[in-house]
Amino acid sequence: MKKLSAIMIVFTMIFSVFNVTGVKAVETDETEEVSTTIDLTQESDTIYSYNATEDGYTTDYSSVVIPTYYVFGGAMDEDGAESLLSDLGIAENLQYWAATVKVITPINGESYTQEDADAFIETLGAGVTNAKVIGIDDGSTFVNNYISQECYAIAGIMTYGGEMDEGLDYNVAVPTYLSNATQTAIDYYIQANDASEVSENVYENSTDSLQRVVVGSDDTLAEAFANAWDNVFSKNYRQHNETTEFYMSSATTQTDPYLLIGIADYDALGIIYNTYYSEPLNGEGEYTWFEYVPETTMDMEDGSVPLIVTLHGNGNDARIQGESTGWVELAAEENFIVVSPEWQDTVTDSETGEAGPNFFNCDGLEGDKLIEWIEMLEEKYPQIDTSRIYVTGLSAGGSASSLYGAKYSDVFAAVGAVSAPGLDKEELAEIAENYDGGDVAYMYICGDHDFFGMIPVDGSSTNSFQVGENMYMQDVDPNVSMFSFIQSYQKINGLEVSETYDMSLNEYYGIELDDEQWITLGVKDTLEGTLSNDNGVIMKFAAIKDQAHWNYKPEAAYMWAFFENYQRDTETGELIYVNSDNSTDTTTPSDTTSDTTINDTTTSSDTTTTLDTSTDSTSADITQSNVSNVKTGDDSYIILPVVAMVGATGAYFYIKKKRI
């Protein structure tokens, strides 16, 4: 049986949740006709629901941005709920997004109370990402008086009619569309969003345009919903990725306001969004990938457009990288192409240890196939500048990016790893030991609340996943540690290789960094620093406060500012350092390589540095209740609180697969 590390087990256990909860692969083409009627199912005594995926509808978007609607329209039966949705004109939206709607009636059968508000938070559950609330008449009054007071997880509100009490707390900003609302309600939401009028009946916050209030006076519910979608609902989603990951958090426990995150409007940005499902590559295989191409680049000169290759996390939907990283929005500004492939050939099954299908049940663009695919893209888009191809990725994708940057250094000019555990550190260490290519620019970014606890590199994080009493993920799985990435890239770039970490030098990365400083990245404090060889800055590290194991959109512009400094001489393989005065220096590998020998099997000594690539698991006595045995990277077992984790993740991992 194939051995598993705890880190891979956690990934695959999480994704096994959605594989057994109703995600189905449909063998037919996408639904051709759009139905205007919705057949609801009674989910509970008070909830009627409809899920468009169960009706055979598909979408080209991931569940991160797919909306879930919660409609409060007062007391009614199933026929009344279906009639209400018909009046709302929501069917086409549900089918386009393969979305879900829940019509929620009062618990007491007559009118909404605080009990309904509490039950709603329970209904939100875990993995909240794009929850939209719609209140109609008496339901609007309930939304205004109750939901507004605990809307920390709500991505947007629409109300139609209704009243609002005076004197309520202005506690959470929430994007809102108000139709036929009272002045009290209008004033409340404007103040809650700290917004001011930017055009007639449109109010925005001066520093965050997603904090937005739009006031309408629609004749029908359908008009109100259409305007709510165009002006508010389509603009953003909302997640908690601060003290824990959104897919591990619950609305019942994470009650601080979640971050509002913009949804890229590809048409408005001028982005051509190309989707390819199970397509052959050079006449063979079935591969899936997604392209985000600015229209402006189609008229640019051949060899002038950079290419960003972004790799998803383990078992993830590749479309997430286009939707949650910020790269697509930045591409529209900077005129580069972004591509996101299904790069994993297989995903290991957590129960059997056997290799199973990836998210799209297709072949994976992994290793040499990734390079073959990039060569195909270069032919398809001659505008691509082959000297400016960059690779980045999240989690396992960040680990793979770290490996590919060195393994294919003649292709990639720079590497950016986000929240990357050391899954590929052994192979990278082997490459670094005998590396003779050009320098490779390397950036590593991680949050201090990462689920796996890569930083601090000494494994001291207590913000990571706790597997037992005083025992955390990084304590039981050595694949978490990424310090070997630092050592390998020090070696590759001709720097003195750190024998081990010294946390007195840097509280997160344990090495002395140049130009170390605290900055604000987006809205989060970030400690950054660099390493330089004789040719200039070649490595950069950032630790983000209150950031969990997920993408964070401001990272894209931050990483791009680093990438822009480097190009690859595609004939010699040498790295070109681009100076600020627009001149360039072409350099061979630095001649300042340390005499220290890299050896991933010996222990540290005065003359030998051991890369941190060990695979022996730490055994421990764990007494926490509600646990289950799972395999780690060797033949020992660790204990993971499976029940708690599955309960916390199930609501998120209902990601909709493309039907192929």
(request) Starting from the amide H of Met443, placed 1.01 Å from N in the peptide plane, find each other amide H under 5 Å away whose residue is 5 or more places distant or on another chain. (result) Val415, Gly416, Ala417, Lys540
(message) Can you give the local net charge around Glu334? Use residues other than it whose beta-carbon is closer than 13 angstrom to its beta-carbon, Lys and Arg +1, Asp and Glu -1.
(response) -3
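Calculate, for Met376 and Glu512, the FRET efficiency according to 1/(1 + (r/R0)^6) with r their C-beta to C-beta distance and R0 51 Å; round to the nearest 0.05. Spell out each step's value before the answer.
Numbers: r = 43 Å, r/R0 = 0.84.
The calculated FRET efficiency here is 0.75.
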(request) Would you work out what percent of the accessible area of the range 371-480, with all protein chains in place, is carbon or sulfur (probe 1.4 Å)? (result) 38 percent
(message) Could you compute Rg(Cα) / (2.2 N^0.38 Å) for the range 336-484, with N its residue count?
(response) 1.14
(request) Compute the accessible area per residue over the range 155-210, keeping the other protein chains in place, probe 1.4 Å, unit Å². (result) 46 Å²
(message) Return the equivalent ellipsoid semi-axes of the range 49-95 as a descending list in whole Å, where each equals the square root of 5 times an eigenvalue of the C-alpha gyration tensor.
(response) 22, 11, 9
(message) Need one value: the accessible area of Lys380 in square angstrom, 1.4 angstrom probe, rounded to the nearest 10.
(response) 80 Å²
(request) Calculate one ³J(HN,Hα) per residue across the range 75-80 by plugging θ = phi - 60° into the Karplus curve 6.51 cos²θ - 1.76 cosθ + 1.60, and present them in order as whole Hz with x for glycine and proline. (result) 6, 6, 9, 4, 4, x
(message) Please report the accessible area of Leu527 (heavy atoms, 1.4 Å probe, ligands and nucleic acids excluded) in Å², nearest 10.
(response) 10 Å²
(request) Write down the accessible area per residue of the range 390-433 in Å², having rolled a 1.4 Å probe over the full set of protein chains. (result) 17 Å²
(message) Quick one: the Cα spread of the range 274-422 along its three principal axes, in angstroms, biggest first?
(response) 51, 33, 28
(request) For Gly156, enumerate residues with amide H under 5 Å from its amide H, sequence gap 5+ or separate chain, H modeled in the peptide plane. (result) Val133
(message) Heavy atoms only, 1.4 Å probe, whole protein assembly: order Lys407, Lys540, Lys524 by accessible area, highest first.
(response) Lys407, Lys540, Lys524
(request) Would you mind estimating how fast the range 145-272 diffuses translationally, via Stokes-Einstein at 4 °C and 1.567 mPa s with the Kirkwood radius over Cα pairs, in µm²/s? (result) 85 µm²/s
(request) Would you tally the net charge around Thr141, using a Cβ to Cβ cut-off of less than 11 Å, leaving Thr141 out, and scoring K and R as +1, D and E as -1? (result) -4
(request) Pop a pseudo-label 7 angstrom from the Cα along the beta-carbon direction at both Asn361 and Glu433 and give the gap in nm to one decimal. (result) 4.2 nm
(request) Starting from 0 in steps of 5 Å, tell me what percent of the Cα-Cα pairs of the range 410-556 lands in each bin. (result) 2, 10, 19, 23, 21, 14, 8, 2, 1, 0
(message) With θ taken as phi - 60° and the coefficients 6.51, -1.76 and 1.60, list the Karplus ³J(HN,Hα) couplings across the range 499-505 in order, rounded to whole Hz; mark glycine and proline as x.
(response) 5, 7, 7, 9, 5, 6, 7
(request) Report the Stokes-Einstein translational diffusion coefficient (µm² s⁻¹, integer) for the range 68-221, Rh taken as the Kirkwood radius over Cα pairs, at 20 °C with viscosity 1.002 mPa s. (result) 136 µm²/s
(message) Treating only the Cα positions of the range 205-249 as identical point scatterers, give the base-10 log of I(q)/I(0) from the Debye formula at each q in 0.17, 0.27 Å⁻¹.
(response) -0.65, -0.94
(message) 7 Å from Cα along Cα→Cβ at both Thr462 and Glu286: what's the point-to-point distance in nm?
(response) 5.0 nm
(request) Would you mind checking which residues have amide H under 5 Å from Val467's amide H? H placed 1.01 Å from N; only 5 or more apart, or other chain. (result) Tyr472, Met473
(message) Give me a comma-separated list of calculated 3J(HN,Hα) values for the range 233-250, in order, Karplus coefficients 6.51, -1.76, 1.60 applied at θ = phi - 60°, integers in Hz, x for any Gly or Pro.
(response) 4, 6, 7, 7, 10, 8, 9, 9, 9, 9, 8, 7, 6, 4, 7, 10, 9, 10
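Over the range 187-276, what is the mean sequence separation of C-alpha contacts under 8 Å (at least six apart), divided by residue count, expressed as relative contact order in percent?
Values: 87 pairs, mean separation 16.7, N = 90.
It rounds to 19 percent for the range 187-276.
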(message) Rolling a 1.4 angstrom probe over the protein chains, ignoring ligands and nucleic acids, what is the accessible area of Glu284 in square angstrom, nearest 10?
(response) 110 Å²
(message) Using a 1.4 Å probe on the protein heavy atoms, what percent of the accessible area of the range 48-159 belongs to carbon and sulfur?
(response) 38 percent
(message) Give me the one-decimal Kirkwood hydrodynamic radius in Å for the range 41-159, with the sum taken over alpha-carbon pairs.
(response) 14.4 Å
(message) Please list, by residue number, everything in the range 369-407 whose backbone N is under 19 Å from a paramagnetic label point 7 Å out along Cα→Cβ of Ser304.
(response) 378-389
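The values are calculated or read from the model by the stated rules, or taken from the named source; none is laboratory data. Computed from a predicted structure; not experimentally measured. Quick reminder, even Gly has a Cβ in these numbers, built from the backbone with ideal geometry, and neighbours come from all protein chains shown. Only protein heavy atoms, including side chains, enter the accessible area calculation; ligands, DNA and RNA are left aside. Shrake-Rupley method; radii C 1.70, N 1.55, O 1.52, S 1.80 Å.
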